[in-house]
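Below is one structure; the comments refer to it alone.
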Amino acid sequence: MHNYHDVQNAFPPGFNNKLGWSWGAAILPFIEQTNVFEALDKTSNRTDFDDAAILAAARTVISGFRCPSDSAPDLNDKAAPLYGPGSGRTKTQDLALSNYIGSMGNDGGATATNTKGNGVLWPGSNVKLRDILDGTSNTIMVGERDYFFHRGSNWAASTDSSGGSTNRHYTLSSTDTTYGLINGTNSNCFGSLHPGGTMFVFCDASVHFIPETIDATNDTGADMSTYQRLGNSQDGLAIGAY
């Protein structure tokens, strides 16, 4: 992610809301997957999985997107984005599974069309390091989601255009607990097979285990919980112990 930022002067969008490709697809050249990136031709092609070459590329199993603790199948049948011509996006294809999802912040309503997130990755986002006002060591960028108890993710795509707002939870989540508590019952939450919590990557590239017992009460302003504050990159509030 940081190598991408070094070249593009911003982190990738949570997904490209015009073409559908996710942040995972955007960083492929920076994780030694240039051949897969070029096969997707993501700079000009929509997520047209009727194209055999594009589908094959999007089904490439990439170990860096998998948690070793999750023995999920190679393809994810729980996070298959819609695609198709015009507004009639009714087709789906199972894509290569990922266990990692981007953080929209504590605004679960961030959409491609009219609402920006306050985290780092949301539909159409273009966040720079300088925009993370609370400090990179205090802000979640990416977290885990297991397949068996939740839905996992895929590294490649959400649904393009307006449909992406509906399917954003396939590759993104939120510390707004309407998306569920860590390891909660909502399939869209952050979660893992690790006992008692989940691993998160913060914006300084450090990795933290956050327990499911973290203060996560949904509130606003100065009363926001610790979990909400960790997702929000610009609330100006101190982070308590967790």
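For Ser98, the conditions (1) under 15 Å from Gly20 (Cα atoms); (2) of a type in the set (S, T, N, Q); (3) in contact with a Phe, Trp or Tyr (Cβ under 6 Å, 6 or more places away or on another chain) all hold with the exception of (1). Across the range 201-213, the qualifying residues are those that are of a type outside the set (Val, Ile, Thr) and closer than 22 Å to Met1 by Cβ, and the one among them that is surrounded by the most Cβ atoms within 10 Å (Cβ to Cβ) is Cys203. Looking across the range 191-226, just one residue is over 16 Å from Gly102 (Cβ atoms) and aromatic (Phe, Trp, Tyr), and that is Phe209. Residue check: Gly117 meets all listed conditions (1) surrounded by fewer than 23 Cβ atoms within 10 Å (Cβ to Cβ); (2) over 19 Å from Gly64 (Cα atoms); (3) out of contact with any strand residue (DSSP E or B) (no Cβ under 7 Å at 6 or more places or on another chain); (4) not aliphatic (A, V, I, L, M) but one, namely (1).
For the range 114-148, a tally of residues being more than 17 Å from the chain's Cα centre (by Cα), of a type in the set (D, E, K, R) and in a loop (DSSP other than H, G, I, E, B) returns 1. Residues in the range 182-200 that are under 19 Å from Gly108 (Cα atoms) and surrounded by fewer than 19 Cβ atoms within 10 Å (Cβ to Cβ): Gly184, Thr185, Asn186, Ser187.
Among the residues of the range 212-242, write down those that are in contact with a helix residue (DSSP H, G or I) (Cβ under 6 Å, 6 or more places away or on another chain) and farther than 19 Å from Gly109 by Cα. Residues satisfying the conditions are Ile214, Asp215, Leu237, Ile239, Gly240, Tyr242.
Of the residues making up the range 211-242, those that are of a type outside the set (Asp, Glu), outside any loop (DSSP other than H, G, I, E, B) and farther than 15 Å from Gly184 by Cα are Gly221, Ala222, Thr226, Gln228, Arg229, Leu230, Gly231. Tallying residues that are of a type outside the set (A, V, I, L, M, F, W, C) and within 15 Å of Ile101 (Cα to Cα) within the range 64-86 yields 6.
Considering the range 149-175, the residues that are part of a helix (DSSP H, G or I) and surrounded by 24 or more Cβ atoms within 10 Å (Cβ to Cβ) include one that is modelled with the lowest pLDDT, namely Gly164.
Let's see how each residue does on (1) among the aliphatic types (A, V, I, L, M); (2) crowded, with 20+ Cβ neighbours inside 10 Å; (3) closer than 22 Å to Arg168 by Cα:
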site: Trp23; (1), (2), (3): no, yes, yes
site: Ala26; (1), (2), (3): yes, yes, yes
site: Asp41; (1), (2), (3): no, no, yes
site: Leu55; (1), (2), (3): yes, no, yes
site: Asp77; (1), (2), (3): no, no, yes
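For the range 219-242, indicate whether the set of residues that are within 23 Å of Ser69 (Cα to Cα) and surrounded by fewer than 15 Cβ atoms within 10 Å (Cβ to Cβ) is non-empty. Taking every residue of the range 219-242 in turn, none turns out to be within 23 Å of Ser69 (Cα to Cα) and surrounded by fewer than 15 Cβ atoms within 10 Å (Cβ to Cβ).
The values are calculated or read from the model by the stated rules, or taken from the named source; none is laboratory data. Note that the structure is predicted; figures quoted are calculated from it, not measured. With ideal geometry, Cβ positions are generated from the backbone for all residues, glycine too; neighbour counts draw on all protein chains shown.
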